[in-house]
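First comes the structure, then the notes that go with it.
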Amino acid sequence: MGTSGAAIERLFTGWTGADTPGLVVAATRGGAVVHQGAYGMADLAQGVALGPRTRMRIGSQTKQFTVLLALMLEREGKLDMEAPVHRYAPWLAATPAPVTLRHLASNTSGLRDFLEMMTWSGLSLPCPSSRADARAIIGRHGEVNFPPGEQMIYCNTGFFLLSEIIEEVSGRSYDELLRQRITGPLGMDDTLLQKRDAQVLPRAAMHHTRGPDGVWERAHWGLVLGGEGGMTSTLEDMLRWQAHLASPTPEMAALLARMEVAAPFSNGSPSMYALGFTVTSYRGLRNVGHGGGVAGGRSESVRFPAQAAGVVILGNRDDIAPFSLARRVADVVLADQMAPRPDPAGLRALAAAAGMYRQEDGDEVFEITDEGGEPRFTSQGGGGGVIEPLGDGGFAPERAVVHLSFGLPGGDGVIPARWCGAARRYRPVRPGSGDATALAGAYGNAALGIDAVVSGDGGMLVLRSDYGALRLALSWIERDLLMALPADAPVRGEGKPWAAVLRVEDGGLVLTSDRTKNLRLGRVK
């Protein structure tokens, strides 16, 4: 093993052994695999180790295949990416402005994520549900987070709709079309759409999460997955896919090139998300890729086209950050190509500004924590982790689909930032509490069929619909803003995410989360 191989091995020493699930990793450069490894177990109960042909869910990496299938069908005249989605899905509620298929594929539609809408409706992801249930929740919801094309917020709804439209206009199931058009010709024989976690597949890994007692448990979702995140693959197959992306057939090259071009936002700023691919820069090198997160699993696939290099990571545990891990592997493989690391003094100064910050004239909240001089970023919905220095004095959460960058606080303590290219300011939170007694009562959103009740002491919010109920523990952040946490874990530790925030306004509450913005719950008198 060479020096670079040993350096990569050290990145994954915490995931080896017969008592832990883990991940498989491969790095390529110049068309050759320069490192490949398997760390941990595919199945703890049966004592089966992970390997390059172990099948694992790749989650949202599915989205790139969905977009490619849509572009193939567009080339054949069966759909139009510039057409409004209502042309193909007339069952959708009307939206304030037309949403196109391109908006769906670029996460710029403004539609709210159906997985979060299921959660707010009391239908948790582990509970059994059908594709029809998801359609019903999506179909009645005409409210949006923002006008289409104005911003980018990651949205599974867009790719749910694309996969439904693909099946309708082609007359074939998603999996049939996938095998016929992509995986079959490329020899990706272990790659398919796995609709349900309960489906039995040869050489399939179990997917894991830690239970309340810290012991590994099998993780599952009860929903039926499609082109938004339902594919299963192997390390070997994903290396075949990366090789094809690096050297596509002539008929595929033009379509793949389109997928790497991001349309600008309405303010003229470029997006980091093109069509099924993220396109970003890391230490001066352009990279293209996508990650995935499902019940008990995480994955990442990223390419550095100019350097003919790539990294693939598939994991069967949900406590890893493969986006960051892939960059650490790239640090080793492309050390001779990358720009120098920024001066760490900026990170130390940011760590010294640890605290919770709230958007001026808005409800977005994030937290910076100091972990031994290293700053960490936390927000609602599980967002957080490493902070990346950008080299221009700025910083960003090291996450693929968060379009936020920010600087150091000024003399007034306010952090200047940019969100999807637009200027923002985040001020330190001003701790305080409102009137809990006045907060108590009944609320609702008729369009979504959600009823809500805040307890008499203001400490609990219960959301109900025809699908179920969700209990959230409430605590005050500021006089007009509350933090919502799952009722079974009502106390938040420093650096731990929260589910949502709720702003108190005349006539109701306004919920804001990772992928749901300004969802109004009006007071019921």
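Of the helices (runs of 4 or more DSSP H) lying entirely inside the range 73-192, those containing at least 1 residues that are charged (D, E, K, R) and over 29 Å from L255 (Cα atoms) are 114-120, 131-139. Selection within the range 321-360: residues that are under 18 Å from S379 (Cβ atoms) and part of a loop (DSSP other than H, G, I, E, B). The member of this set that is nearest to the chain's Cα centre (by Cα) is A321. In this entry, T234 is excluded by the filter for residues that are in contact with a Pro (Cβ under 9 Å, 6 or more places away or on another chain), farther than 21 Å from T157 by Cα and without any contact (Cβ under 8 Å) to a residue 40 or more places away in the chain. What single numbered condition from (1) touching a residue at least 60 places away in the same chain (Cβ under 8 Å); (2) not in a helix (DSSP H, G or I) fails to hold for G381? Among (1) touching a residue at least 60 places away in the same chain (Cβ under 8 Å); (2) not in a helix (DSSP H, G or I), the lone unmet condition for G381 is (2).
When you go through A6, A45, A38, A27 one by one, which is the residue that is part of a loop (DSSP other than H, G, I, E, B) and either within 23 Å of A132 (Cα to Cα) or of a type in the set (A, V, I, L, M, F, W, C) (or both)?
Of the residues listed, the single one that is part of a loop (DSSP other than H, G, I, E, B) and either within 23 Å of A132 (Cα to Cα) or of a type in the set (A, V, I, L, M, F, W, C) (or both) is A45.
Taking the range 402-425 as the region of interest, how many residues are among the charged types (D, E, K, R), surrounded by 15 or more Cβ atoms within 10 Å (Cβ to Cβ) and over 23 Å from T280 (Cα atoms)?
Residues flagged as among the charged types (D, E, K, R), surrounded by 15 or more Cβ atoms within 10 Å (Cβ to Cβ) and over 23 Å from T280 (Cα atoms) within the range 402-425 amount to 1.
Out of L123, L104, L92, L111, I need the residue that is closer than 24 Å to L193 by Cα and either under 18 Å from the mean Cα position of the chain (by Cα) or in the same structural domain as S271 (by TED's automatic domain parsing) (or both). Which one? Going through L123, L104, L92, L111 in turn, the sole match is L104. For the range 431-441, state whether one or more residues are within 28 Å of the chain's Cα centre (by Cα), at pLDDT 95 or above and either in the same structural domain as D361 (by TED's automatic domain parsing) or buried (at least 20 other Cβ atoms within 10 Å of the Cβ) (or both). No, that holds for no residue.
The numbered conditions (1) in contact with a His (Cβ under 8 Å, 6 or more places away or on another chain); (2) part of a strand (DSSP E or B) are all true for P416 except (1). Please verify whether the range 304-318 includes one or more residues that are among the polar types (S, T, N, Q), out of contact with any helix residue (DSSP H, G or I) (no Cβ under 9 Å at 6 or more places or on another chain), surrounded by 19 or more Cβ atoms within 10 Å (Cβ to Cβ) and modelled with pLDDT of 95 or more. The answer is yes; a qualifying residue exists. Here Q64 meets the list (1) under 22 Å from L256 (Cβ atoms); (2) at pLDDT below 95; (3) buried (at least 20 other Cβ atoms within 10 Å of the Cβ); (4) of a type outside the set (V, I, T) almost entirely, failing just condition (2). Kindly establish whether G393 is loosely packed, with under 14 Cβ neighbours inside 10 Å and either in contact with an Asp or Glu (Cβ under 6 Å, 6 or more places away or on another chain) or at pLDDT below 95 (or both). Judged against the criteria, G393 is a match.
The residues of the range 293-303 that are among the small types (G, A, S), in a strand (DSSP E or B) and crowded, with 24+ Cβ neighbours inside 10 Å, listed by number, are G297, S299, S301.
Sort out which residues of the range 236-289 are within 22 Å of A26 (Cα to Cα), assigned to a loop (DSSP other than H, G, I, E, B) and among the charged types (D, E, K, R), and write them in order of number. The one that is within 22 Å of A26 (Cα to Cα), assigned to a loop (DSSP other than H, G, I, E, B) and among the charged types (D, E, K, R): R283.
The values are calculated or read from the model by the stated rules, or taken from the named source; none is laboratory data. Just so it is clear, the structure is predicted and the values come from calculations on it, not from any experiment. Heads up, the Cβs are rebuilt from the backbone with ideal geometry, glycines too, and the neighbour counts pull from every protein chain shown.
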